[in-house]
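Coordinate-derived values only; no laboratory data. In this text, all values refer to a predicted model and were calculated from it rather than measured experimentally. Methodologically, a virtual Cβ is constructed for each residue, glycine included, from the backbone with ideal geometry; neighbour enumeration extends over all protein chains shown.
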Amino acid sequence: MTACHRALFTCFAILVFLILLVLRLDARAEWNWFIVFIPLGIYFLIILFYYMFYIICHCKNGFDFRKQTSMKRKLWSVTSVFLMLTSQFLLCAQIEYPTFSIPTYWVVLPVWIWLVVLSGDIFSRLVRRRRNTPYFYG
């Protein structure tokens, strides 16, 4: 799948989600919240299968320790998708079934874990790139 197709699919999934969300919030449809979040769930599952396929291909072709960061990237992507799916499921459960009384901090905890690890990852990549870049004066 080319970058153009991935971008179009992403925009389409977000557009369908926003349309369903507006219909649900405007009280024009009394759908279950899990139905409203189906487009995002399908999108995350496709991304999950995409990365799992590349992890399997990477392991099948032999693991090269020089390219260990590539495997770390793929595993980090799979973990990110799991965190987003977990947060999405907890949010739907909290909104749809208030009798369960899921605390809000349990709903946003996967997102906060993802943001903290992501910011640490970005910071370490920036420091590594800065260290490997030669300095130019003038």
Taking Cα atoms only, helix 68-96 is inclined relative to the longest principal axis of the chain by an angle, in degrees rounded to 10, of 10 degrees
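What's the local net charge at Arg24, with K and R +1, D and E -1, over the other residues with C-beta under 12 Å away? Show your work: numbers first, answer last.
Working: positive: Arg28; negative: Asp26, Glu30, Glu96.
Residues near Arg24 contribute -2 overall.
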For the chain, the dipole about the Cα centre with charges only on Cβ (Lys and Arg +1, Asp and Glu -1), to the nearest 20 debye, works out at 980 debye
By the mean-Cβ-within-10 Å protection proxy, highest first, 82-92, 22-32, 47-57 rank as 82-92, 47-57, 22-32
Placing each pseudo-label 7 Å from Cα in the direction of the beta carbon, Leu15 and Glu96 end up separated by a distance in nanometres of 2.6 nm
In degrees rounded to 10, the 0-90 angle between helix 38-60 Cα long axis and the longest Cα principal axis of the chain is 30 degrees
So Cys57 and Val127, fully extended at 0.36 nm per residue minus their Cα-Cα distance, gain in nm 22.2 nm
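Find how much the distance from Ile42 to Val108 grows on full extension, using 0.36 nm per residue of separation minus their present alpha carbon separation; answer in nm with one decimal. Present the calculation step by step, with values, prior to reporting the outcome.
Numbers: separation 66, 0.36 × 66 = 23.76 nm, distance 2.05 nm.
Stretched out fully, the Ile42 to Val108 stretch lengthens by 21.7 nm.
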Which of [x] -0.34, -1.11; [y] -0.59, -1.23; [z] -0.49, -1.14 gives log10 I(q)/I(0) by the Debye sum over Cα atoms at q = 0.11, 0.19 Å⁻¹ as computed here? It is [y]
